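Each remark here refers to the structure printed beneath this line.
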Amino acid sequence: MANYRRMFLDGYSYFMTVVTHRRKPILIEHIDLMRKSFRESKRYYNYRIDAITVMPDHFHMIITPYNADEYPKIIKSIKYNFTKEYQRGHEVSQSFSRYRRKMQPVWQKRYYEHVIRDEKDWEGKINYIKHNPVKHGLVEIWSEWEYSSFKS
């Protein structure tokens, strides 16, 4: 993992997966806080959310940033704003080593990112995001999941 390098390509869209620490299922019960965190990030960074599904312990999205080099800052902003508000009303604990490295106890440190390369790639990622609630057994039909940008 030490040699992993992120790609920054202006004009491209990015598929992202962001997961809570220890997969704690807190996102749906705090969906208003998630929405607020996204709104706050959009105050500072110019990007479009092309597709999103929020699950109890992670979210998938495709974003198109105006400046590609800002997408790590976009993710950091979303995570920071959620954490800041979440910690006000909730006890959060973590290991000393995570604390020492200044890692937030709400999110996994890393996130998955993939540059969308072509139409086939786009369609595959859209279908993955759309059907993720079905895959996880939360609904039987993707259109039943209300925490998504997809409507039937």
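Once the piece of chain linking Asp118 and Lys76 is laid out straight, how much longer is it, given 0.36 nm per residue of separation minus the C-alpha distance between them?
12.5 nm
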A correct Kirkwood calculation over the Cα atoms of the chain returns a hydrodynamic radius in Å of 16.2 Å
Taking Cα pairs closer than 8 Å and at least 6 residues apart, the relative contact order of the chain in percent is 32 percent
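For a protection proxy built on the mean count of beta-carbon atoms within 10 angstrom, sort 42-52, 118-128 highest first, please.
Ranked from most to least packed, the peptides come out as 42-52, 118-128.
What value, in deg cm²/dmol to 500, does the helix sum -39500 (n - 2.57) over DSSP H runs of n ≥ 4 give at 222 nm once divided by the residues of the chain?
After summing the helix terms and dividing by residue count, I get -11500 deg cm²/dmol.
For the ranges 129-142, 56-69, what's the packing order if you count other beta-carbon atoms within 10 Å of each residue, average per peptide, and put the highest first?
With the highest mean Cβ count within 10 Å placed first, the list reads 56-69, 129-142.
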Dipole check, the chain, charges on Cβ (K,R +1; D,E -1), about Cα centroid: among Phe150, Tyr128, Thr17 the Cα furthest to the positive pole belongs to Thr17
Residue span Arg48 to Val134: 0.36 nm per residue of separation minus Cα-Cα distance leaves a gain in nm of 28.5 nm
Placing each pseudo-label 7 Å from Cα in the direction of the beta carbon, Tyr12 and Asp69 end up separated by a distance in nanometres of 1.6 nm
About its Cα centre, the chain carries a charge dipole, from +1 on Lys and Arg Cβ atoms and -1 on Asp and Glu Cβ atoms, whose size in debye to the nearest 20 is 860 debye
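Read the figures in this text as sums done on the coordinates, not as results from a lab. None of the values given here were measured: they were computed from a predicted structure. No Cβ is skipped: glycine too gets one built from the backbone with ideal geometry, and neighbour counts run over all protein chains shown.
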